[in-house]
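To keep things clear, I will list the structure first and then write my remarks on it.
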Amino acid sequence: MTLLTRLNLLENHVEGEIPNSIGKLYYLMHFDISSNNVTGTLSEILEGTDCLSKKPTPSLQDLDLSNNNLVGKLPEWLGQPKNLVELCLLYSSRHGPIPASLGLLKILSELNGTLLESLGQLSELIFLMALPII
């Protein structure tokens with residue numbers, strides 16, 4: 001299963017925390033677990049590594065964690081998957097600043113979510129000026 005490239009669990013009544021082992025899917029490009037009852041913090045999700053790159057899910061292009069019960073700060077590792085194009089975090093209870101590592105994502109074209117107190121941090125990330133904020 002390590003060659004899995006797409007995992008779509010949209011509206012599948014998934015409950016509980018996402019296992020850390022998801023992050024070990026080195027070739028995972030599309031991960032959608034939106035509209036479920038996923039709990040926990042983002043800091044632990046998708047932090048798996050492979051023995052060569054030591055980076056989480058380096059092939060990840062689309063990550064949709066919206067409409068779940070995720071809490072906590074946005075983790076710095078969100079800026080590590082260099083192929084990330086779309087990041088959707090709508091309707092989750094997160095807090096804290098936007099990680100500076102998101103500024104390293106050269107091809108990120110869509111960032112949507114409820115950023116609440118993080119809005120003050122937007123000016124620090126120049127790349128966001130060109131993104132459509134939905």
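The figures follow:
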quantity: Net length gained if the chain between Ser101 and Thr39 were fully extended (0.36 nm per residue, minus Cα distance); calculated: 20.0 nm
quantity: Residue-level accessible surface for Glu86, protein heavy atoms, 1.4 Å, Å²; calculated: 60
quantity: Ranking by accessible area, most exposed first, for Thr2, Thr57 with a 1.4 Å probe; calculated: Thr2, Thr57
quantity: Around Arg6: net Lys/Arg minus Asp/Glu count, Cβ-Cβ under 10 Å; calculated: -2
quantity: Inter-label distance, nm, simple model (7 Å from Cα along the C-beta direction), Ser59/Leu10; calculated: 2.1
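The values are calculated or read from the model by the stated rules, or taken from the named source; none is laboratory data. Predicted model, so just to flag it, every value in this text is computed and none were measured. Because the Cβ atoms are built from the backbone with ideal geometry, glycine has one as well, and the counts that use them run over all protein chains shown. Keep in mind that these areas ignore ligands, DNA and RNA; they rest on the heavy atoms of the full protein, side chains included. Shrake-Rupley method; radii C 1.70, N 1.55, O 1.52, S 1.80 Å.
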